[in-house]
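Every number here is computed from the coordinates shown, using simple stated rules; none is lab data. Predicted model, so just to flag it, every value in this text is computed and none were measured. Positions of Cβ are generated from backbone atoms using ideal geometry, with glycine treated the same way; all protein chains shown enter the neighbour counts.
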Amino acid sequence: MDKQHPYNIFIGHAWHHRGVYGRVLQMLYDAPYFYWKNCSNPHKGVYGLFISGILKKKIVDQIAPANIVIMSTDVYNEKPDWGSFEIREAVRQGKPIITLESHEKNVAVPEVLAENSNVVIPINEFRLVAAINDHVRLTV
């Protein structure tokens with residue numbers, strides 16, 4: 001991984017662009033000598049289209065170029081139907097999954113996340129970067 005070959009990362013977002021999603025973005029942007037491209041694109045106010053399948057296609061397309069998928073316990077718990085779709089799609093496409101534990105105490109990692117993740121880690125910049133380096137599958 002270098003400037004010419006950054007990691008392509010999809011961050012599960014359930015169509016939110018603040019909170020944990022924003023925190024993960026900031027951690028990755030702040031990580032020294034870590035080059036990456038954001039494959040996720042949470043459009044504001046479009047969650048209602050989930051039922052129609054329009055957003056499902058967008059997620060399929062966003063996950064496709066990713067080398068790795070990052071999921072958050074907190075985002076999943078907020079919108080489990082959407083998070084489940086993101087997880088199933090990542091598994092279907094053969095993407096490694098990193099799950100971030102909740103930042104709140106006594107919140108368990110949902111079973112579907114624990115069962116499908118390559119690793120479950122606390123929300124921490126250094127642990128996240130290390131997990132990405134350990135589990136990424138380069139498609140270059």
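A few notes on this one:
- A viscosity of 0.692 mPa s and a temperature of 37 °C, combined with the Kirkwood radius over C-alpha pairs in the Stokes-Einstein formula, give the stretch 67-128 a diffusion coefficient of 284 µm²/s.
- Of all the options GLU89, GLU111, GLU101, the one that moves most in a Gaussian network model of the chain with Cα springs shorter than 10 angstrom is GLU111.
- Spacing of the two label points (7 Å from each Cα toward its C-beta) at ASN118 and HIS103, in nm: 2.5 nm
- Per residue, the Cα convex hull of the chain amounts to 100 Å³.
- DSSP bridge analysis restricted to the chain gives an antiparallel fraction near 5%, rounded to the nearest 5.
- Take every pair of alpha-carbon atoms less than 8 Å apart whose residues are at least six positions apart; their mean separation over the length of the chain yields a relative contact order of 26 percent.
- The count of lysine pairs in the chain whose Cα atoms are under 18 Å apart, excluding pairs fewer than 8 places apart on the same chain, comes to 13.
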